[in-house]
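Remarks on the structure that follows.
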Amino acid sequence: MLPYPNIDPVIFSLGPLQVRWYGLMYILGFIAAYLLVRYQAKLFSWKQMLKHLDNLNLAIIAGVILGGRLGYILFYNLSYYLQHPLEILATWQGGMSFHGGCIGVLICGGLYCRLHNINFWKGADLYVVTVPIGLGLGRIGNFMNAELYGRVTEAPWGMIFPGGGPLPRHPSQLYEALLEGVLLFIILWFLKARPWQDKYKKLWPHGSMLALFLTLYGIFRFLVELVREPDPQLGRLLAGMTMGQLLSLIMVVSGILLWTWRSRASDRS
């Protein structure tokens, strides 16, 4: 058994204002995405993207926050928030859903691209290859908060988390940081230039990075959910799956369908 490093989730306080590690991870993720998208736009000489990058980022950040919060409310705790509607805005108390944030980003980013005549699929591919950085950092933030831990285990790397009872549990946050963060970033970053090269146009059309992200993230998240503690207010749902697994399964199917559709669209062009 490994000892859990008791990390104070609050970095420092200024009166009632608290700066937390989890919030810092979000900020670092946004900064990394901004810098890497700008780097790619310059690399591929996409001047239109560079012109709109700042405003598009604001739209995407709004999508992450609104979608993540509403997704958590709708997917994970709707009955509670119907009884406590004023707490819907209390994001500082926690409660964000990646799947909801993903939907929010696609909607907000898609609307911005449509309003400004930007190729959505090209833009999605630039952004999505940077997303794993924020995901990995976010899972590290979950680990620092001692939340979203795994199920009880006898593995030698099990940890006793504060609030998780006396038995060691899987540090599933770190599993996700490695799979959804490090590994997914390496795969997508290595393949990022494919949609921009003519010789890969049919197999890797614009939108293929988004499709690959949806598919791989869904697979990785589904696997980690096998050892992650189910949400206590939901438990197991259809066919014994958790809500995270059901949503991830939808992502996998969506990614495969998107890849097929974009490939056929490329053949017709």
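FYI, it's all coordinate maths here, none of it is from the lab. No experiment lies behind these values; they were computed from the predicted model shown. Please note: Cβ atoms are built from the backbone with ideal geometry, for glycine as well, and neighbour counts cover all protein chains shown.
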Here the alpha-carbon Rg of segment 184-224 over 2.2 N^0.38 Å rounds to 1.24
The residues D54, D231, sorted from fewest to most surrounding Cβ atoms within 10 Å, come out as D54, D231
Between L2 and L74, the FRET efficiency computed from the C-beta separation at R0 = 51 Å comes out, to the nearest 0.05, as 0.90
D (µm²/s, integer) via Stokes-Einstein for segment 200-261, Kirkwood Rh across alpha-carbon pairs, 37 °C, 0.692 mPa s: value 264
Expected unfolding gain across R114-A62 under the 0.36 nm per residue rule, minus the alpha-carbon gap, is 17.1 nm
Ranked by GNM mean-square fluctuation in the chain (Cα springs under 10 Å), the top entry among Q83, Q233, Q40 is Q83
Checking rank on 66-75, 184-193, with mean other Cβ inside 10 Å and highest first, the result is 66-75, 184-193
Only helices counted: for the chain, with every DSSP H run of 4 or more residues adding -39500 (n - 2.57) and the sum spread over all residues, [θ] at 222 nm is -19000 deg cm²/dmol
Taking a crude spin-label model, label points 7 Å out from Cα along the C-beta direction, the L82 to N55 distance in nm is 4.0
Shape call for segment 10-54, from the Cα gyration tensor axes a ≥ b ≥ c (a/c under 1.5 means rounded, otherwise prolate when a/b beats b/c, else oblate), comes out prolate
Most packed first (mean Cβ within 10 Å per residue), the peptides 23-34, 157-168 order as 23-34, 157-168
When the chain is treated as a Gaussian network with springs between alpha carbons less than 10 Å apart, the largest mean-square fluctuation among A177, A62, A155 is found at A155
Protection proxy (average C-beta count within 10 Å per residue), highest first, orders 253-260, 7-14 as 253-260, 7-14
For the Q48, A239 Cβ pair and Förster radius 45 Å, calculated FRET efficiency rounded to 0.05 is 0.50
Binned at 5 Å from zero, the C-alpha pair distances of the chain give percents of 1, 6, 11, 16, 18, 17, 13, 9, 6, 3, 1, 0, 0
If the chain between R38 and S13 were fully extended at 0.36 nm per residue, the gain over the current Cα-Cα distance would be 5.7 nm
